[in-house]
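Colleague: Have a look at this one before I ask anything.
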Amino acid sequence: MGMLDGKVAIVTGAARGTGEATARLFVQEGAQVLLADILDEPGESVAKELGDAARYVHLDVTSEGEWRQAVQAATRSFGALNVLVNNAGILLIAAIEDTQLDEFERVVRVNQTGAFLGIKSVIPAMKQAGGGSIVNVSSVDGLSAKNGLVAYSSSKWALRGITRVAALELGRFGIRVNVVCPESGNPTMIAPYVPAGIDLETATAFSQPHLAPQKDRPVADKIADVARFIAFLASDGSASCTGADFAIDGGNTAGQVMRGMPGS
C-alpha cells in the first residue's frame with residue numbers, strides 16, 4: 001500500500017528537477033499523475049517511463065486556458081483530481097538597479113500568477129472529488145532574502161500569502177493548501193549564473209551549512225527530501241495541515257552561528 005493510493009495529481013514543472021522527482025515518487029506511492037511542463041520532449045519521456053499511471057500535457061502556467069485543458073486532461077484520463085503541486089518556477093539573479101520591468105514581471109507571472117491560476121482552476125474538480133490537497137513550492141528565499149533576488153524572492157514570498165488565503169477560503173470544501181520552502185531545487189535554474197568551470201555539485205555542497213552531513217549529499221538526494229515532504233502533504237497523513245509553511249532548508253532560516261560563542 002502506498003501513501004497516495006487512489007490519488008490523482010497534477011504536478012507542474014514535472015519534466016525535471018523537483019517536479020520530476022515528485023511525479024516519480026507519487027507514482028511509486030500509488031498515485032496517478034498528470035505531468036505538466038513546457039519542456040515537451042523530456043516531459044513526455046518521463047511520463048512514458050512511468051507507464052500507465054502517468055500522462056504528460058503541455059502547460060504554460062501563465063495561461064488560464066491551458067490550465068483548464070490540463071484539469072480536463074487529468075479528469076478525463078484518471079476520473080478525478082485530488083492533488084495539485086504548483087512547482088513550476090523560473091529564476092532571475094540581478095541587482096534591483098539592473099532588473100528590467102519586463103524581467104521582473106515575467107518571474108512574477110510564472111512563479112506567482114501561475115500558482116494562482118492553478119489553484120483557481122482545480123477548485124471545481126476538487127470540490128467534486130470531495131476535497132483535496134494543494135502544495136505550493138516556494139523557497140528558502142520566500143522565508144528570508146538574498147541580494148540579487150528581488151524578482152524571485154518577491155514571487156516566493158507572495159506564494160506564501162496566496163497559500164494562506166486559499167487555505168482559509170477552501171477549507172470548508174475539504175481542500176487543504178500548504179507551502180514548502182526548500183533550499184534545494186532544480187540545479188539547471190542556477191546553472192546560467194555559475195561561473196564557467198565550476199561544477200554545480202561543488203557550488204551547492206555547502207548550501208546547507210548547519211547540517212554537517214548535507215555537504216556530502218548530492219543535489220538529487222536533497223531534492224528527493226523535498227519530494228518526500230510534498231508527498232506527505234498530498235497524503236491523508238497530513239489531514240491536520242493547512243495554511244502552513246514547511247521549511248526544508250537544512251536550518252538556513254534557523255539563524256546564524258556566531259563563531260567564538262558557546263555552542264559554536
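Colleague: Which of (1) without any contact (Cβ under 8 Å) to a residue 60 or more places away in the chain; (2) closer than 23 Å to MET3 by Cβ does SER121 not meet, given it meets every other one?
Modeller: Condition not satisfied by SER121: (2).
Colleague: Let me ask something additional. Working only within the stretch 152-194, note down all residues that are of a type outside the set (A, V, I, L, M) and under 13 Å from VAL137 (Cβ atoms). Walk me through how you get there before you give the answer.
Modeller: Just the residues of the stretch 152-194 that are of a type outside the set (A, V, I, L, M), to begin with: 152-157, 160-161, 163-164, 169, 171-174, 176, 178, 181-188, 192-193.
Across the stretch 152-194, the qualifying residues are TYR152, SER155, LYS156, ARG160, THR163, ASN178, CYS181, PRO182, GLU183, SER184, GLY185, ASN186.
Colleague: On to the next question. Can you tell me which residue in the stretch 89-98 is nearest to GLU20 (Cα to Cα), limited to those that are in contact with a helix residue (DSSP H, G or I) (Cβ under 6 Å, 6 or more places away or on another chain) and outside any helix (DSSP H, G or I)? If you could, list the steps in order and put the result at the bottom.
Modeller: Filtering the stretch 89-98 for residues in contact with a helix residue (DSSP H, G or I) (Cβ under 6 Å, 6 or more places away or on another chain) gives 89-93, 96.
If we keep only those that are outside any helix (DSSP H, G or I) as well, we get 89-93.
Working: GLY89: 13, ILE90: 15, LEU91: 18, LEU92: 21, ILE93: 24 Å.
Filtering the stretch 89-98 for residues that are in contact with a helix residue (DSSP H, G or I) (Cβ under 6 Å, 6 or more places away or on another chain) and outside any helix (DSSP H, G or I), the one nearest to GLU20 (Cα to Cα) comes out as GLY89.
Colleague: Can I ask one more? When the residues of the stretch 2-24 are narrowed to those that are β-branched (Val, Ile, Thr) and within 11 Å of the chain's Cα centre (by Cα), which ends up surrounded by the most Cβ atoms within 10 Å (Cβ to Cβ)? It would help to see each step written out before you state the result.
Modeller: As a first pass, look at the stretch 2-24 and keep what is β-branched (Val, Ile, Thr): 8, 10-12, 18, 22.
Retained after the next criterion (residues that are within 11 Å of the chain's Cα centre (by Cα)): 11-12, 18, 22.
Numbers: VAL11: 33, THR12: 28, THR18: 27, THR22: 30.
Among residues in the stretch 2-24 that are β-branched (Val, Ile, Thr) and within 11 Å of the chain's Cα centre (by Cα), the one surrounded by the most Cβ atoms within 10 Å (Cβ to Cβ) is VAL11.
Colleague: Residue pairs, Cβ under 8 Å, 6 or more apart or interchain, first in the stretch 161-181 and touching a residue at least 12 places away in the same chain (Cβ under 8 Å), second of a type in the set (Phe, Trp, Tyr) and outside any strand (DSSP E or B). List them.
Modeller: Filtered contacts from the stretch 161-181: ILE162/PHE116; VAL180/PHE229.
Colleague: When only residues in the stretch 124-161 that are of a type in the set (A, V, I, L, M, F, W, C), closer than 16 Å to GLY243 by Cβ and surrounded by fewer than 20 Cβ atoms within 10 Å (Cβ to Cβ) count, which is modelled with the lowest pLDDT?
Modeller: Residue satisfying both the conditions and the ranking: LEU143.
Colleague: Can you find a residue that is surrounded by fewer than 22 Cβ atoms within 10 Å (Cβ to Cβ), without any contact (Cβ under 8 Å) to a residue 40 or more places away in the chain and out of contact with any His (no Cβ under 7 Å at 6 or more places or on another chain) anywhere in the stretch 76-93?
Modeller: Within the stretch 76-93, one or more residues are surrounded by fewer than 22 Cβ atoms within 10 Å (Cβ to Cβ), without any contact (Cβ under 8 Å) to a residue 40 or more places away in the chain and out of contact with any His (no Cβ under 7 Å at 6 or more places or on another chain).
Colleague: What tally of residues in the stretch 211-246 results from selecting those that are part of a strand (DSSP E or B) and under 24 Å from GLN28 (Cα atoms)?
Modeller: Of the stretch 211-246, the ones part of a strand (DSSP E or B) are 245-246.
Filter once more, so that each one left must be under 24 Å from GLN28 (Cα atoms): 246.
Count: 1.
Colleague: Would you mention how many residues in the stretch 220-242 are in contact with a helix residue (DSSP H, G or I) (Cβ under 8 Å, 6 or more places away or on another chain) and either within 18 Å of GLY6 (Cα to Cα) or not aliphatic (A, V, I, L, M) (or both)?
Modeller: Initially, the stretch 220-242 is screened for residues in contact with a helix residue (DSSP H, G or I) (Cβ under 8 Å, 6 or more places away or on another chain), giving 220, 222-224, 226-228, 230-232, 234, 238, 241-242.
Those left that are additionally either within 18 Å of GLY6 (Cα to Cα) or not aliphatic (A, V, I, L, M) (or both): 222, 228, 230-232, 234, 238, 241-242.
Total satisfying the criteria: 9.
Colleague: When you check ASP225 against the structure, is it under 29 Å from LEU84 (Cβ atoms), in contact (Cβ under 8 Å) with a residue 24 or more places away in the chain and acidic (Asp, Glu), yes or no? Break it down into steps so the answer makes sense when it comes.
Modeller: Working: under 29 Å from LEU84 (Cβ atoms): yes; in contact (Cβ under 8 Å) with a residue 24 or more places away in the chain: yes; acidic (Asp, Glu): yes.
For ASP225, the condition - under 29 Å from LEU84 (Cβ atoms), in contact (Cβ under 8 Å) with a residue 24 or more places away in the chain and acidic (Asp, Glu) - is met.
Colleague: Would you mind telling me which numbered condition in (1) in a loop (DSSP other than H, G, I, E, B); (2) at pLDDT 95 or above; (3) surrounded by 13 or more Cβ atoms within 10 Å (Cβ to Cβ) GLY250 fails?
Modeller: Answer for GLY250: the failing condition is (2).
Colleague: Which ranges mark the helices (runs of 4 or more DSSP H) fully within the stretch 107-210 that have 3 or more residues being under 19 Å from the mean Cα position of the chain (by Cα)?
Modeller: Output list reads 114-129, 150-170, 187-190.
The values are calculated or read from the model by the stated rules, or taken from the named source; none is laboratory data. Model, not experiment: these values are computed from the prediction. Here Cβ is always computed from backbone atoms with ideal geometry, including for glycine, and neighbour counts include all displayed protein chains.
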